[in-house]
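Beneath this line is the structure, given in structure tokens, with notes to follow.
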């Protein structure tokens with residue numbers, strides 16, 4: 001496991017070049033994905049069919065020289081397993097028939113066994129791992145408690161966050177109870193993914209950046225810290241690295257860097273040089289190219305990749321990635337430009353002969 005370039009970089013060990021994977025690297029921008037997606041009735045069916053989900057997981061690493069495969073799934077598999085009536089409306093996103101907005105609704109949430117209700121995710125990991133044969137690691141993931149809660153309370157993709165923030169201010173005890181319930185499920189779910197073969201875990205805090213600093217600490221970061229600590233205790237000395245990503249989390253970066261995560265993902269609004277100084281070499285960093293850069297001409301993509309590398313500077317501890325997920329209308333050939341630029345430019349930053357700062 002520790003021989004993987006991605007894991008070595010997270011651990012701060014010397015690597016020959018900067019490792020790379022891309023958020024939403026498996027998905028709608030790939031024609032091979034669209035072909036498989038057209039063979040099933042809906043998105044959830046694809047997620048729940050391990051034979052197909054494992055193929056989708058492997059599609060980008062078959063096409064591109066990436067350093068990890070992230071499992072094809074969705075952060076909303078947990079509320080779906082709770083029986084909240086999840087569906088995905090084409091062009092509109094997720095919808096829940098039974099959002100959680102009262103104590104009575106919260107009390108009805110079951111305690112779930114991930115191997116039983118979410119076993120299709122673990123089977124997808126096992127199938128993908130069998131095909132990869134240890135060549136690159138598999139990344140497992142879950143949404144943060146706060147992020148999943150926003151969907152469960154709002155009942156759809158949040159826009160103004162008015163419903164969950166009303167709960168936060170008017171019934172904080174109810175929101176805390178929901179976040180605690182979710183945390184227990186997420187811990188069990190991620191541990192099951194690790195046992196199934198995930199060698200890296202990522203926690204997506206997509207909506208943490210919509211909170212004020214005090215609210216972020218109380219309703220988002222504290223619960224993620226509990227998850228990190230619990231997973232570390234469950235695994236002991238053989239703990240897999242965990243990446244924590246809060247979109248728009250730059251203003252709270254010092255707190256996030258001290259969360260206990262092995263690696264912190266950054267969106268494109270945060271300067272990597274600043275983040276590296278704050279991290280003091282104790283935490284690896286992931287990111288942070290603006291996904292929209294992939295619309296640019298070749299020379300601009302190459303320049304942007306160079307800027308990201310220069311901001312981080314010499315040495316290990318950096319995982320190249322986008323600052324958020326791949327846009328669905330990106331030309332797949334643009335990804336080749338990005339990867340070729342990275343593989344050409346990054347070795348210099350890992351050479352003992354380099355005199356870069």
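Every read-out reported here was derived from the displayed coordinates using simple, explicitly stated rules and does not represent laboratory data. No experiment lies behind these values; they were computed from the predicted model shown.
If a/c stays under 1.5 just call it rounded; otherwise compare a/b with b/c (prolate if a/b is bigger, oblate if not). Do that for the stretch 67-115, with a ≥ b ≥ c from the square roots of the Cα gyration tensor eigenvalues. It comes out oblate by the Cα gyration axes. Histogrammed with a bin width of 10 Å, the alpha carbon distances of the stretch 262-357 distribute as 16, 49, 29, 5, 0 percent, first bin at zero. When DSSP beta bridges are restricted to pairs lying wholly in the chain, around 15% turn out antiparallel.
Once you have a ≥ b ≥ c as the square roots of the Cα gyration tensor eigenvalues for the stretch 46-158, tell me rounded if a/c is under 1.5, and otherwise prolate or oblate according to whether a/b is larger than b/c.
prolate
For the chain, the 222 nm mean residue ellipticity estimated from helices alone, with every DSSP H stretch of n ≥ 4 adding -39500 (n - 2.57) and the total spread over all residues, rounds to -13500 deg cm²/dmol. Kirkwood analysis of the stretch 81-234, using all unique Cα-Cα pairs, places the hydrodynamic radius at 16.5 Å.
In plain terms, the C-alpha convex hull of the chain casts an average shadow of 16.7 nm² when viewed from every direction.
Measuring from centroid to centroid over Cα atoms, what is the spacing of the stretch 309-355 and the stretch 157-216 in Å? Answer, in whole Å: 30. Spread over its residues, the convex hull of the C-alpha atoms of the stretch 124-176 is 111 Å³ per residue.
For the chain, find the longest principal axis of its Cα atoms and tell me its angle to the long axis of helix 50-63, 0 to 90°, nearest 10. In the chain, helix 50-63 runs at an angle near 20 degrees to the longest axis.
Is the shape of the stretch 242-290 rounded, prolate or oblate, going by the alpha carbon gyration tensor and its root eigenvalues a ≥ b ≥ c, with a/c under 1.5 for rounded and a/b larger than b/c for prolate? Cα axes put the stretch 242-290 in the rounded bin. Using only Cα atoms, tell me the angle between helix 119-132 and the longest principal axis of the chain; keep it within 0 to 90° and round to the nearest 10. Helix 119-132 sits at roughly 20 degrees to that axis.
In the chain, the longest principal axis of the Cα atoms and the axis of helix 172-196 are about 50 degrees apart.
For the pair residue 299 and residue 234, the difference between a 0.36 nm per residue extended length and the Cα-Cα distance amounts to 18.7 nm. Distances between every pair of Cα atoms in the stretch 228-317, grouped in 5 Å steps from 0 to the bin holding the largest one, split as 3, 13, 23, 20, 17, 12, 7, 3, 2, 0 percent.
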